[in-house]
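Below: one structure, written as structure tokens.
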Amino acid sequence: MLSNNITPYGGLVFFSNFLKVSGIYKMMIEDCPFEYTSNNSPQPENLIGTIICSIICGCKRFSHINHFRNDSAIPKLLGFEKIISEDSVRRALKNCNQQKLDEWLTKYEQFIYKFLIKYDYIIDIG
């Protein structure tokens, strides 16, 4: 029997811990610019979790999200329910107010950079 807690995306473990410990992930969800009216719309934590994980896992296109959709360990890392479809992510980004989305992303990019420059660290790229 295979474990549901194994993923080939090991680097995701470290970044997801950083996002949780720093509180950035929770703030991103609470401050989410995506507005939905349908009961069938994805939950903000599933949407943001899917987007973050797809970027960290190296997805360069929406269709690449399907490569890890059945990976049950990934949602557990950030504590969201499920990875949503590429179509849901595409629709969410298309229908969102682009100015609000840009302001939201800029806010958290700056927050992460300010957080990281407070500490000395070594990046070991092998």
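Looking across segment 1-32 at every residue that is under 20 Å from residue 65 (Cα atoms), among the polar types (S, T, N, Q) and at pLDDT below 80, the one that is surrounded by the most Cβ atoms within 10 Å (Cβ to Cβ) is identified as 7. For the criterion of being without any contact (Cβ under 8 Å) to a residue 24 or more places away in the chain and part of a helix (DSSP H, G or I), residue 39 fails. Residues of segment 33-65 that are in contact with a helix residue (DSSP H, G or I) (Cβ under 7 Å, 6 or more places away or on another chain) and surrounded by fewer than 13 Cβ atoms within 10 Å (Cβ to Cβ): 63 alone.
Whenever a residue of segment 73-102 is under 25 Å from residue 13 (Cβ atoms), its partners that are part of a helix (DSSP H, G or I) and among the small types (Gly, Ala, Ser), lying with C-beta atoms within less than 7 angstrom and at least six residues away or across chains, give the pairs 75/49; 77/16; 78/16; 78/49; 80/49; 86/63.
The values are calculated or read from the model by the stated rules, or taken from the named source; none is laboratory data. Everything numeric here is computed off the predicted structure, so don't read it as measured data. Note: ideal-geometry Cβ built from the backbone for every residue, glycine included; neighbour counts use all protein chains shown.
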